[in-house]
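Derivation of every value follows stated rules applied to the coordinates shown; laboratory data play no part. This one's a predicted model, so the numbers in the text were calculated from it and none came from an experiment. Cβ sites come from the backbone with ideal geometry, for glycine too, and all protein chains shown count toward neighbours.
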Amino acid sequence: MSRHDAQQFPVRVFGGPTALFEYGGLRFLTDPTFDGPGDYATPGAPTLTKTVGSAIAPTEVGPVDVVLLSHDEHADNLDISGRALLADVPLTLTTPGGGERLGEKAKGLADWESVELERPGGGTVTVTGVPAIHGPGPREEVEPFSGQVVGFVLTGEGLPSVYVSGDNASLDAVKEIAEHFGPVNTALLFAGAPRLPGVFNGLPVVLDSAQAAEAAQILGARRVVPVHHDSWAHFTEDRDDLKAAFATAGLTDRLDQDWLKSA
């Protein structure tokens, strides 16, 4: 498949983990965060500080068919405005725990569990929940602090495959996903090397830039759209770090052209 084919649908990135794309005639929104700058306290965890507001207001997003929510427990993935937006969305796919917390419009997906969505023009889009670990180390050690996280793979007849990583720090999880679905046409990779004081010895709780490039290589991703690398104080690597890491890995041509132009 050519790079043109891999990029046949645009992905609009609004800051933080929030991106919008149309796929199979359905409009998907990832981790909605539209609040302005400020501090967000989480019981039992460090306060998160948002430094830059969203590039768009929730009222400007337009109709959304499905929210792909990696997890609902952290404000940098679901803030006050984003939570309000969920009320107007027919379906939110998220973690099993989030599916219970968010009400009847939400459905939790366990690892490798799939849901079939009807396409407006006929046929279906399959969304599969895939492993994600929100911190360094085994899931059983990370989840008691960070909570459940889920990633997503989207497939459909005649459609390019899409991977949305969610807040994942595990390349082993990426390898599992590649074994099931690789090569992937488009990968939305959460990155930014976020670090929190006193947590996991200062190691990143999501992929750093070099790991994002390695993930792209593992997945055989033909197009990579980096997200979740800006707008919050706990991110320690930015767009320039991502560009440099992909250049070092010889993968600059995999980076989405719209993302490269949107600095």
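Figures for the structure shown
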quantity: Pairwise FRET efficiency - Glu179 versus Thr49, Cβ, R0 = 41 Å, nearest 0.05; calculated: 0.60
quantity: Neighbour count of at most 13 Cβ within 10 Å plus DSSP loop: longest GluC sites (Glu not before Pro)-free window in the chain; calculated: 158-263
quantity: 222 nm mean residue ellipticity, helices alone, for the chain (DSSP H n ≥ 4; -39,500 (n - 2.57); rounded to 500); calculated: -6000 deg cm²/dmol
quantity: Rounded to whole Hz, the Karplus (6.51, -1.76, 1.60) HN-Hα couplings of region 114-123, x for glycine and proline; calculated: 10, 10, 9, 10, 6, 8, x, x, x, x
quantity: Residue-by-residue Karplus 3J(HN,Hα) for region 148-154, coefficients 6.51, -1.76, 1.60, Hz, glycine and proline x; calculated: 6, 9, 9, x, 9, 10, 10
quantity: Förster radius 51 Å - calculated FRET efficiency between Asn201 and Glu118, Cβ distance, rounded to 0.05; calculated: 0.65
quantity: Equivalent ellipsoid semi-axes - Cα gyration tensor, region 3-256, angstrom; calculated: 24, 22, 18
quantity: Two-decimal log10 I(q)/I(0) for region 1-131, as the Debye equation yields it once each C-alpha is a single scatterer, q = 0.15 Å⁻¹; calculated: -0.76
quantity: Straight-distance crosslink candidates among lysines, where the alpha carbon sits under 16 Å from Lys261 and sequence neighbours closer than 8 are dropped; calculated: Lys243
quantity: Per-residue Cβ neighbour rank within 10 angstrom, fewest leading, Thr94, Thr126; calculated: Thr126, Thr94
quantity: Pair-distance profile P(r), taking every C-alpha pair of region 154-226, with 5 angstrom steps and integer %; calculated: 4, 18, 28, 24, 12, 8, 5, 2, 1, 0
quantity: Cβ-placed point charges (K, R +1; D, E -1), dipole of the chain about Cα centre in debye, nearest 20; calculated: 500 debye
quantity: Amide proton proximity set for Gly151, modelled H, under 5 Å, gap of 5+; calculated: Val130, Ala132
quantity: Neighbour-count order for Leu117, Leu159, fewest beta carbons within 10 angstrom listed first; calculated: Leu159, Leu117
